[in-house]
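Input: a single structure, listed below in structure tokens.
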Amino acid sequence: MNADDPRLRAADPDVIADAQVPGVDDDIDDSAYVSGLPGVLGTIDVAIAKIEAVLLAAGVLLMALNTVANVVGRYLLGESLFFSEELNQALIILITFAGISYAARHGRHIRMSAIFDALAPPLRKPLMVAIAVITAAAMFLLCWYSVDYVTTQASRGRLLPALQIPVWYIIVWAPLGFFLTGLQYALTAIKNVIHADIWLSTSTMEGYDNDGEEEV
């Protein structure tokens, strides 16, 4: 009987304890997302999650359908969809700028955290609030500049060659994405202020144990 025998594992109290702890999924089903923020803030948080889910799902599905239809048309019918490339470009823009808000919600953006990790938990808390506030301000500033860019493109009246729709139709997702991401970081700052733990986002807690010495 070796150490991997199921009977030995079943009798191991550590194994039993681990089995009794529910598993935690790294990703959150945003369709059933419940915010931990109170009142109106929670309503805004849930609304952002639903907008992200709709935009990302629609963008990915449409891109897949468009690509498959283009391949079928090219190899079976001998003719590609003339608008396929432009449509995919539009969908890539949509997915990119909806995705930055989604990544912010799940704490998935790249972080340069050498200084942050070296600090004790009581100091990491205010630093996380400052990071969230500054990032939110940067996102709102980029939203402002992108709105100016979109309005400039709209005033020029340029059309996409194949789809024959105004160019600004496909870049309007940039200010929306920056705005939603700014809201997400602003809500993260608020959640860190009103909750005892340290939160990387409204739905993702910092991955350290209580003594701050080991990442979990």
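The values are calculated or read from the model by the stated rules, or taken from the named source; none is laboratory data. Predicted model, so just to flag it, every value in this text is computed and none were measured. Each accessible area value is taken on the protein alone, full model and side chains, heavy atoms only, with ligands, DNA and RNA left out. Shrake-Rupley method; radii C 1.70, N 1.55, O 1.52, S 1.80 Å.
Overall, the accessible surface of segment 42-152 at a probe of 1.4 angstrom is composed of carbon and sulfur to the extent of 77 percent. Given q = 0.10, 0.20 Å⁻¹, what are the Debye log10 I(q)/I(0) values for segment 38-182, with equal point scatterers placed on the Cα positions and solvent ignored? Taking Cα atoms of segment 38-182 as identical point scatterers yields -0.49, -1.23. Both numbers refer to the Cα atoms of segment 114-200; Rg and Dmax are 18.4, 57 Å. Our estimate of slack between Val54 and Arg158, defined as 0.36 nm per intervening residue step minus the Cα-Cα distance, is 34.6 nm.
Full extension of the chain segment joining Ile165 with Ala130 gains 8.4 nm, where the gain is 0.36 nm per residue of separation less the Cα-Cα distance.
On a per residue basis, segment 84-160 carries 59 Å² of accessible surface, using protein heavy atoms and a 1.4 Å probe.
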